[in-house]
Ligand SMILES: [Mn+2]
């Protein structure tokens, strides 16, 4: 964002506005943290700001301040769409293509509001008047911090806003272990802790809220883990009946894909999770180093994401999907 753009946005925000803030579908810690940080920030500036999530967010994020005010589009499409129509400004955070909101795409596409995008994924679409897009950042939350800095409004930051920002930085950085974490990330986090963030508590709220069944499901996933010949790629499968057996709840499979990547020598890991209701297999891909799972997911699994983390889907059966994956991996030079 240029200095001039920040001035223009400050001018826009000088008068109270109705502002919708949108995360992507199936929002994660960064999507919910960034939208709720922006929600508290804008309301403190005197705006009528509200967050609309395309669908439910996982339980492990329900502790986030403001989460109970989040409107869920899929639960009440007509009334939420009516609210969206009244918005003067729409912030879209942690995604860069309207189809990432699922069915809500059609409602968003016909709004007259001015759009502002803040996002760290590759290849942004151009629907926004102001696009703050940078793949160098590990999280949208880190960008929200810079956005507030760019507007010169550090005076508005408080413990609540800082806590929401901290949540996205922690979750999108794998608790500060991904290469996207910089010294500047840590400087921002130092400021957030100075603002009163209870960092240990946040970590515990996010990661120590698992159900017993979800830990057993993790055990099943690890039993299903396969290391491919050559030892550089691994994958996990979870069928719908396995999910049912451990009373799967939304969020229970979060992060399991990373266990493949934690094997010494593995540079590429995948997880395939059956979804009987949607009639498909959902895939998540993770890599270390240069292997671009965004391209892999786009080319072969109708998905996308980042260089080292991406998602996709398959409409074939689990065994066909795995067969295809194993075949593709055998042709890679990892
Ligand atoms: Mn993110």
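When the Kirkwood radius is taken over all Cα pairs of region 171-217, what Stokes-Einstein diffusion coefficient follows at 25 °C and 0.890 mPa s, in µm²/s? Roughly 198 µm²/s, to the nearest whole number.
The P(r) of region 196-294 has a tail past 18 Å containing 52 percent of all C-alpha pairs. The calculated pair-distance distribution of region 141-214 uses every alpha carbon pair, bins of 10 angstrom beginning at 0, and gives 18, 51, 24, 6, 1 percent. The modelled label-to-label distance between residue 331 and residue 12, using points 7 Å beyond Cα along the C-beta direction, is 4.4 nm.
Cβ-Cβ distance of residue 211 and residue 319, R₀ of 41 Å, FRET efficiency by 1/(1 + (r/R0)^6): the value works out to about 0.90.
Shown for 175, 26: other C-beta atoms within 10 Å of each C-beta, ranked fewest to most, produce the order 175, 26.
Taking the DSSP beta bridges in region 238-334 as the whole, what percent of them are antiparallel, to the nearest 5? Please report the intermediate quantities before stating the final value.
Working: 16 of 17 bridges.
Just about 95 percent of them are antiparallel.
Along its first, second and third principal axes, ordered by size, region 3-207 spans 41, 38, 32 Å in Cα coordinates. Once you reduce region 119-161 and region 65-104 to the center of their Cα atoms, the two points are 18 Å from each other.
The modelled label-to-label distance for the pair residue 123/residue 63, using points 7 Å beyond Cα in the direction of Cβ, is 3.7 nm.
Starting from the Cα-Cα distance between residue 278 and residue 224, subtract it from 0.36 nm times their residue separation and give me the gain in nm to one decimal.
Working: separation 54, 0.36 × 54 = 19.44 nm, distance 2.25 nm.
Going from the current span to full extension adds 17.2 nm.
Judged by the ratio a/c of the largest to the smallest principal axis of the C-alpha gyration tensor, region 129-170 counts as oblate, that ratio being 1.5 or greater while a/b is no larger than b/c.
Summarise the long-distance tail of P(r) for region 179-249 by giving the % of C-alpha pairs beyond 16 Å.
On the way: 1695 of 2485 pairs.
Distances greater than 16 Å cover 68 percent of the Cα pairs.
Who wins for biggest fluctuation among 27, 16, 229 in a Gaussian network model of the chain, springs between alpha carbons below 10 Å? Between 27, 16, 229, it is 229 that shows the largest mean-square fluctuation.
Each value in this text was obtained by applying a stated rule to the coordinates, not by laboratory testing. Predicted model only: the values in this text are computed from it and were never measured. So basically every Cβ, Gly included, is an ideal-geometry build from the backbone, and we count neighbours across all protein chains shown.
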